[in-house]
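Input: a single structure, listed below in structure tokens.
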Amino acid sequence: MSLELRNVGWNAGFKKIISDVSLRVTRGEFLGVIGPNGSGKTSMMSVLGGIRAPSTGQALLGDQPMKKIGRRNLARHIGFVEQQADTIDRITVRDAVALGRTPYLSLLTPWSGHDDAIVCEALASVEMGPFADRMWHTLSGGEKQRVHIARALTQQPDFLLLDEPTNHLDIHHQLGLLELVRALPVTVVAALHDLNHAAMFCDRIAMMDGGKLIALGTPEQILTSQNLRDVFGVAADIEIDDQGRCHIRYHAGSQKTGPIKKDRVA
Amino acid sequence: MFETSPVQQPVQPPRQSLAGRAYLVRAGVSLGALILLVGVIAMAAAKGETHIPLGTVLQTIANHLWQAGYDVDPIDAGIIWNYRISRAMVAAACGASLALSGAVLQALLRNSLADPYLLGISAGASTGAVSVAILGFGAGMVSLSLGAFVGALVAFGFVALLAIPAGRGAGAIILAGVAGSQLFNALTSFIVTKAATADEARGVMFWLLGNLSGVRWPDVYLALPVAVIGLLGCLWYSRALDAFTFGVESAASLGVPVRRVYVVLIAIAASMTAVMVSIVGAIGFVGLVIPHAARFFVGTRHGFLLPASALIGAVFLVAADIVSRIILDGQVLPIGVITALIGAPAFAIILCHGRVLR
């Protein structure tokens, strides 16, 4: 099973948001997606997740166009966690996670003990087991994000797509969440804001700018001083430690040294 | 720091199988509400200007349903069967439909304030019905319903079109709904003022606040099937509605065909509202308050919430109709006045307790 975009473009109305993106997700990897605000990360992720149909090009799952596979079948292979999905409904953590079984349920196959077991297992794998009967609105941001991931896991996906999963979390929870995701036995594609996190956790990094995928490679190949200046408009030194990992050190006042990037609305 | 290896923690299994617990809750609440509904319909048949003992009511019903052959005064029997039972049945169907529409719209639009009244559907249905009744595009029940139906769809189309450039958000659609309601209420007033005679105008105004007088069996044959089919249609999509808990994108990622669900369910909600408004006029607050009350009893899962909303809505409207008939001696209040008088404080209580909106 593979996940692939071929020359994909997506338009919002007449406005091109992403164009000509080609990308093949390798089984078992942790693929990071980076880029400035408005570079098309979220749009690319939602095409990759089958939530939006590409305006041009093809999105494929296992060499079949997603259009032919159908929403319900897609949802059994791809789990998607959006940025900041919240609800005012009074539901328990267990109920929120149970929603992930939606693509497997129908009138003929109603909820069963098997589904209960999958929900418990997913809760355990994000270390939220003891929270099963808590109400959703009593959870902290980091706990909510874990529950979302558990919900995606109950879809029993081959691919887990995360759109900026660490937004609004403190540093302790950011690292905890990424470590947890990395340890999960699924292929992960995550849009990340923090480039040091991308360097720490990703096997490969896809870099987007202006709606295009401009580079794809290992963290050492992508995270260079040159790229950071050209794409993000910041000055930084890259240090490589003895384990071959990159560390990025930003310079204060760096906005003046590089070309100033306009902050586009996503 | 968190452990990097997946740690197996014991997760308490649910106290009882979720399916089993859910079934018990549903069975209990449904049975209770059904008994309550039958009871309140029997009450509605007994209460009124002339009080008829409950025993006579039951005998009359038995006579009609399975020719039981009880000896009942034919005048009493006529009042019970031809006036009060039919009226209570329509009230029940109407309450159920409005509450269902509210529950569905609240789930789809992710907004606790959504209801057919606020989204302009009721106002549009009124305009449509009034144009048929006063401007006279054909006569009879079907054409009035058709007028209301077309009016409802036009109004909702208008609201939806207004909401899209305003940002598609749940807030935008509510504001667009307010604008739409105002516009279509103004159109209704315009038509009434321009074309109606004084008598017609009085009748229409009474009807716009909700009026169950003059409801007979043919209305039941229209209202009841619409309510039942509407309930089944919504129930078919109950899992899809659950999937909207975290919004549209999240529903899509759970495999829900979002566009189809939107179109079908909004069409069902608009149709139910349109038919009910065409029979009894615009009755407010039922679609807004009842789903919140139902959530309080059975939670947010739509498999339970939808039937519970329908039953509670039915009971509420039949009870409101009883009150509207007996509260003033020798006079019938428009039922919309009662629902608003009860609904507004009830909604205020819900708001203040923060049980719904937090």
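Bear in mind that the values in this text are calculations on the coordinates, not laboratory data. Everything numeric here is computed off the predicted structure, so don't read it as measured data. Counting neighbours? That spans all protein chains shown, and the Cβs are built from the backbone with ideal geometry, glycine included.
Which length gain, in nm to one decimal place, applies between B:Phe296 and B:Gln182 when the Cα-Cα distance is subtracted from 0.36 nm times their residue separation? Mind dumping the intermediate values first?
Numbers: separation 114, 0.36 × 114 = 41.04 nm, distance 3.13 nm.
Contour length minus the Cα-Cα distance gives 37.9 nm.
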Backbone N under 12 Å from the B:Leu175 label point (7 Å along Cα→Cβ), restricted to the stretch B:150-165: B:163-165
Farthest positive-ward along chain A dipole, Cα basis, beta-carbon charges - from A:Thr154, A:His168, A:Ala75: A:Ala75
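Fewest first, what order do B:Ser97, B:Ser30, A:Ser225, A:Ser125 take by the number of other Cβ atoms within 10 Å?
Details: B:Ser97 33, B:Ser30 16, A:Ser225 13, A:Ser125 22.
Going from sparsest to densest Cβ surroundings: A:Ser225, B:Ser30, A:Ser125, B:Ser97.
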Chain lengthening between B:Ile75 and B:Arg259 when straightened (0.36 nm per residue, less Cα-Cα): 60.9 nm
Relative exposure of B:Trp236, B:Trp81, judged by other C-beta atoms within 10 Å (fewest first): B:Trp236, B:Trp81
Furthest towards positive pole of dipole, B:Val132, B:Phe149, B:Gly247, structure part chain B, Cβ charges: B:Gly247
Two-site label geometry, B:Leu232 and B:Ser30: point separation in nm, points 7 Å out along Cα→Cβ: 1.4 nm
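Calculate the dipole size of chain A relative to its Cα centre from +1 charges on Lys and Arg beta carbons and -1 charges on Asp and Glu beta carbons; express the result in debye to the nearest 20.
1080 debye
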Computed label-point distance, nm, for sites A:His172 and B:Leu54 using a 7 Å Cα→Cβ extension: 6.2 nm
Listed residue pairs exceeding 19 Å between alpha carbons, taken from A:Lys16/A:Lys212; A:Lys16/A:Lys68; A:Lys15/A:Lys41: A:Lys16/A:Lys68
Share of alpha-carbon pairs per 5 Å distance bin for the stretch B:188-258, given as whole %: 3, 13, 13, 10, 10, 10, 10, 11, 11, 6, 2, 0
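Using 1/(1 + (r/R0)^6) with R0 = 25 angstrom and r between the beta carbons of A:Ala117 and A:Ser140, what's the FRET efficiency to the nearest 0.05?
On the way: r = 27 Å, r/R0 = 1.08.
Working from the Cβ atoms, E equals 0.40.
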Assigned charges on the beta-carbon of Lys, Arg, Asp, Glu; the protein assembly as shown dipole about Cα centre (debye): 840 debye
At R0 = 30 Å, FRET efficiency that the Cβ-Cβ distance of B:Trp66 and A:Leu107 yields, to 0.05: 0.35
Binned Cα-Cα distance frequencies in the protein assembly as shown - 20 Å width, integer %: 18, 43, 28, 10, 1, 0
Contact order normalised by residue count of chain A, Cα under 8 Å, 6+ apart, percent: 24 percent
B:Ala195-B:Tyr221 pseudo-label distance in nm [points 7 Å out on the Cα-to-Cβ vector]: 2.8 nm
C-alpha long axis of helix B:302-326 to longest principal axis of chain B, angle in °: 30 degrees
Helix-only [θ]222 nm of the protein assembly as shown, DSSP H runs n ≥ 4, -39500 (n - 2.57) each, per residue, nearest 500: -17000 deg cm²/dmol
Sites A:Ala53 and A:Asp230 - FRET efficiency at Förster radius 45 Å, r taken between beta-carbons, to 0.05: 0.90
Dipole magnitude of the stretch B:259-358 about its Cα centre (Cβ charges: Lys, Arg +1; Asp, Glu -1), debye to nearest 20: 560 debye
Peptides ranked, highest mean first, by Cβ atoms within 10 Å: ranges A:91-98, B:276-283: B:276-283, A:91-98
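Relative contact order (percent) for chain B, with alpha-carbon contacts under 8 angstrom and 6 or more residues of separation?
Numbers: 535 pairs, mean separation 97.1, N = 358.
RCO, chain B: 27 percent.
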Cross-link reach list, aspartates and glutamates versus A:Lys67, counting only Cα pairs under 14 Å and skipping chain neighbours closer than eight places: A:Glu4
